[in-house]
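The block underneath contains the structure these notes are about, expressed in structure tokens.
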Amino acid sequence: MKTSIATVSVSGSFAEKLAAIAAAGFDGIEIFEQDFLASDHTPAEVGRMVRDHGLEITLFQPFRDFEGLPEPHRSRAFARAARKFDLMTQLGTDLVLVCSSVHPAAMGGIDRMAADFNALGDLAAAHGVRVGFEALCWGRHVNDHRDAWEVVRRADHANVGLILDSFHTLGRKIDPDTIRRIPGDRIFFVQLADAPSIDMDLLYWSRHFRNMPGEGDLDVTAFLRAVMATGYAGPLSLEIFNDQFRAGLPRLVALDGHRSLINLMDRVRRREPALAPDLPAFPAPDTVLGVEFIEFATSETDAPALQSLLAASGFDRCGQHVSKPVTLWRQGGVNVLVNTATEGFAHTSFVAHGTTVSELALRVPDAQGAADRARALLVAGLDQPVPPGELAIPAIRGAGGSLIRFVDDQRLWDVDFRTSPAPQGAGLIGVDHIGQTMPYDEMLSWSLFYTALFSAERAPMVDVADPDGLVRSQAIRAGGLRVTLNGAEARRTLAGRFIEDSLGSAVQHIAFASADIFATAAALAARGFPVLQIGANYYHDVEARFGLDPALVARMQAANVLYDEDGGGQFFQLYGASRSDGFFLEIVQRQGGYQGYGAPNAPFRIAAQKRAARPVDLPRA
Ligand code: MG
Ligand code: MG
């Protein structure tokens with residue numbers, strides 16, 4: 001099916017929008033009239049510019065306040081339509097969107113409106129164009145696609161059809177399965193948008209908060225499944241009004257848009273195989289089994305401080321890469337790599353960010369399949385030459401330009417590394433979650449990235465209070481991979497400072513799992529692990545809030561362990577002191593199915609980190 005996007009969805013001048021939309025791989029655009037009026041080009045020039053970019057104009061929109069008008073408004077509306085039909089011919093498009101009227105003089109009556117559309121159909125036919133009718137969910141008399149369809153059905157004109165928009169149907173909580181009864185050839189165009197569930201005025205919600213399918217909370221998949229069941233075969237077009245996207249980089253917004261459409265079509269085809277017997281030639285989303293390794297890029301000079309932190313955390317150096325200056329640090333099945341190469345990808349990461357997590361390797365059932373899915377979803381890959389005798393591990397670009405690798409071959413540690421057995425560690429048994437910090441306006445983008453690539457679930461977004469501003473946190477879980485995306489707007493927040501210091505998005509914290517946090521705390525203390533000190537006020541509160549045993553609270557306080565609970569599960573967490581660039585480690589213990597990340601504790605953690613004003617510099621190993 002053809003993909004399309006409304007010009008209003010992307011920021012920039014008309015030329016910038018076209019370049020971004022073409023580069024993202026769309027087939028066409030909806031021209032938003034405002035965008036055309038604001039440009040200096042003639043209609044014919046605009047049409048040529050669009051076609052020069054390899055795009056077609058799938059729709060001209062909007063034509064407002066047409067149906068149900070008394071005279072003299074009615075005649076004026078027809079005269080206005082004739083002008084726009086001429087303009088469309090010059091632009092080189094044959095379909096216009098008429099949205100349901102909000103005109104104060106507009107009268108109701110399905111038959112009156114149907115008669116107006118029948119007459120408009122004659123006018124359109126004379127100009128060689130077609131008209132699509134869309135129910136705005138705040139329309140004066142028509143605000144439901146079922147009513148718009150009834151108008152179109154009674155208009156009974158070959159040049160008049162229905163336009164569906166997922167926002168208008170789902171935003172009003174209309175059952176999308178009602179679409180299944182509409183004949184597919186009477187649907188002229190389909191617009192897609194998602195939105196976060198916010199209880200607010202429909203018009204305001206639509207104009208400012210729409211986002212890409214998969215980024216919000218509407219069931220756009222159910223909507224498109226119903227559309228596909230009608231036999232509709234026209235374009236699928238994004239119509240996104242979003243303040244953030246209008247200020248964003250046109251190319252990134254357009255790329256996210258196309259990724260969201262590919263993902264949506266893929267999900268629909270896989271759930272409605274009868275409608276699409278030829279499933280797309282790329283693998284289905286899969287789960288992540290676990291984190292195979294985390295690689296830090298650093299330098300010979302900076303490596304000792306990182307290695308001291310790893311040693312204090314219970315890791316032992318027990319391997320060396322066969323051909324690269326990469327050492328393996330291990331405990332309890334957790335693998336951490338320290339890369340001090342002076343060339344190649346890791347070195348570039350170090351130069352850009354300082355000591356940083358440059359690679360995250362995920363254990364998946366099918367590594368090449370996961371990489372192929374990512375590529376099909378327009379994620380860039382990285383093809384590096386593999387020295388003879390070493391394994392080729394597929395890699396894609398993740399947040400902040402870091403790499404995500406996919407591993408399904410446990411020979412990795414025998415083929416690419418020379419290893420020795422890992423001694424007893426400090427009780428860390430896995431990677432619980434990875435905290436990525438990014439500018440707020442990148443959060444939706446990376447949330448879409450993880451949920452499109454994998455079989456994943458998003459938790460509701462939470463606000464975390466930093467003394468100097470708000471940080472938004474979005475947790476995503478894809479099986480054995482848990483990621484928290486932390487978006488900062490204010491520069492003085494810890495997250496905001498981290499973004500400045502590390503020049504963009506990066507992993508700011510890694511949380512390791514322990515099966516016994518108090519035993520781990522004791523083992524860490526014996527190794528000189530620098531723990532973040534938590535004040536007594538916190539413990540008075542947490543004891544009262546959860547009705548905890550004072551003896552347990554005393555142990556927690558002695559070890560600087562924080563506590564949270566949800567629906568029967570308990571969560572213990574312990575933070576390491578922040579490195580001077582803001583990076584820190586966390587150790588957690590989950591019990592009884594706790595699913596959160598200790599968000600209620602985040603303000604206390606941040607305040608304690610800010611109090612520990614002077615960053616801790618570890619002795620060199
Ligand atoms: Mg629309
Ligand atoms: Mg955390």
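Residues in segment 138-161 that are buried (at least 24 other Cβ atoms within 10 Å of the Cβ) and of a type in the set (A, V, I, L, M): V142, A148, V151, V152, A155, V160. Pairing each residue of segment 139-168 that is outside the structural domain of A233 (by TED's automatic domain parsing) with any residue that is within 16 Å of ligand 2 (Cβ to nearest atom) and aliphatic (A, V, I, L, M), provided the two are 6+ apart or on different chains, yields no C-beta distance under 6 Å.
Scanning segment 357-382 for residues that are within 21 Å of I434 (Cβ to Cβ) and not aliphatic (A, V, I, L, M) gives S358, E359, R363, P365, R373, G381. For the residues A247, A226, A195, the requirement of being assigned by TED's automatic domain parsing to the domain that holds D94, farther than 15 Å from P62 by Cβ and modelled with pLDDT under 95 singles out A247. Within segment 261-317, the set of residues being over 31 Å from the mean Cα position of the chain (by Cα) and assigned to a strand (DSSP E or B) comprises D316, R317. Farther than 25 Å from V291 by Cα and without any contact (Cβ under 8 Å) to a residue 40 or more places away in the chain: is that true of A522 in this structure? Considered against the rule, which asks whether it is farther than 25 Å from V291 by Cα and without any contact (Cβ under 8 Å) to a residue 40 or more places away in the chain, A522 comes out as yes.
Collect the residues in segment 157-195 that are within 16 Å of ligand 1 (Cβ to nearest atom) and part of a helix (DSSP H, G or I), keeping them in residue-number order. Correct list: S166, F167, H168, T169, L170, P176, I179.
The numbered conditions (1) touching a strand residue (DSSP E or B) at 6+ places or on another chain (Cβ under 6 Å); (2) in a helix (DSSP H, G or I) are all true for S237 except (2).
Filtering R64, R48 for residues that are farther than 30 Å from P104 by Cβ, surrounded by fewer than 18 Cβ atoms within 10 Å (Cβ to Cβ) and in the same structural domain as P250 (by TED's automatic domain parsing) leaves a single hit, R48. Contact annotation: residue pairs with Cβ atoms under 8 Å, 6 or more positions apart or on different chains, pairing a residue in segment 125-137 that is under 29 Å from Y204 (Cα atoms) and within 11 Å of ligand 1 (Cβ to nearest atom) with a partner that is among the small types (G, A, S) and not in a loop (DSSP other than H, G, I, E, B), are G132/G161; E134/A148; A135/A148; C137/S206. If you go through segment 507-530 and keep only what is away from ligand 2 (no atom under 15 Å from the Cβ) and not in a loop (DSSP other than H, G, I, E, B), you end up with F518, A519, T520, A521, A522, A523, L524, A525, A526.
Listed here are the residues, each with its yes/no results for (1) surrounded by 23 or more Cβ atoms within 10 Å (Cβ to Cβ); (2) closer than 22 Å to N601 by Cβ.
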{"position": "G469", "(1), (2)": "no, yes"}
{"position": "G479", "(1), (2)": "no, no"}
{"position": "A488", "(1), (2)": "yes, yes"}
{"position": "A495", "(1), (2)": "yes, yes"}
{"position": "L503", "(1), (2)": "no, no"}
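Does W205 satisfy the condition of being surrounded by fewer than 24 Cβ atoms within 10 Å (Cβ to Cβ) and modelled with pLDDT under 95?
On the way: surrounded by fewer than 24 Cβ atoms within 10 Å (Cβ to Cβ): yes; modelled with pLDDT under 95: yes.
Against the criterion (surrounded by fewer than 24 Cβ atoms within 10 Å (Cβ to Cβ) and modelled with pLDDT under 95), W205 qualifies.
Condition (residue is of a type in the set (V, I, T), within 16 Å of ligand 2 (Cβ to nearest atom) and assigned by TED's automatic domain parsing to the domain that holds S514) applied to segment 444-461: is it met by at least one residue? Checking segment 444-461: not a single residue is of a type in the set (V, I, T), within 16 Å of ligand 2 (Cβ to nearest atom) and assigned by TED's automatic domain parsing to the domain that holds S514.
Count, please, the residues in segment 70-82 that happen to be free of Cβ contacts under 8 Å to residues at least 40 places away in the same chain and closer than 18 Å to V160 by Cα.
Applying the first criterion (free of Cβ contacts under 8 Å to residues at least 40 places away in the same chain) to segment 70-82 yields 70-73, 75-77, 79-80.
Keeping just the survivors that are closer than 18 Å to V160 by Cα gives 77, 79-80.
The qualifying residues number 3.
Considering (1) touching an Asp or Glu at 6+ places or on another chain (Cβ under 8 Å); (2) closer than 19 Å to F60 by Cβ; (3) more than 16 Å from ligand 1 (Cβ to nearest atom), the lone condition that R154 does not fulfil carries the number (2). For segment 248-285, filtering for residues that are under 18 Å from L55 (Cα atoms) and of a type in the set (G, A, S) leaves 2. Which one of G333, G319, G314 is out of contact with any Asp or Glu (no Cβ under 6 Å at 6 or more places or on another chain) and modelled with pLDDT under 95? Exactly one of G333, G319, G314 is out of contact with any Asp or Glu (no Cβ under 6 Å at 6 or more places or on another chain) and modelled with pLDDT under 95, namely G333.
Let's see how each residue does on (1) outside the structural domain of G257 (by TED's automatic domain parsing); (2) surrounded by 14 or more Cβ atoms within 10 Å (Cβ to Cβ); (3) in a helix (DSSP H, G or I); (4) of a type outside the set (D, E, K, R):
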| position | (1), (2), (3), (4) |
| --- | --- |
| K17 | no, yes, yes, no |
| A20 | no, yes, yes, yes |
| G25 | no, yes, no, yes |
| I29 | no, yes, no, yes |
| L37 | no, no, yes, yes |
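The number of residues in segment 46-93 that are of a type outside the set (A, V, I, L, M) and assigned to a helix (DSSP H, G or I) comes to 16.
The values are calculated or read from the model by the stated rules, or taken from the named source; none is laboratory data. The model shown is predicted, which means the values in this text are computed figures rather than measured ones. So basically every Cβ, Gly included, is an ideal-geometry build from the backbone, and we count neighbours across all protein chains shown.
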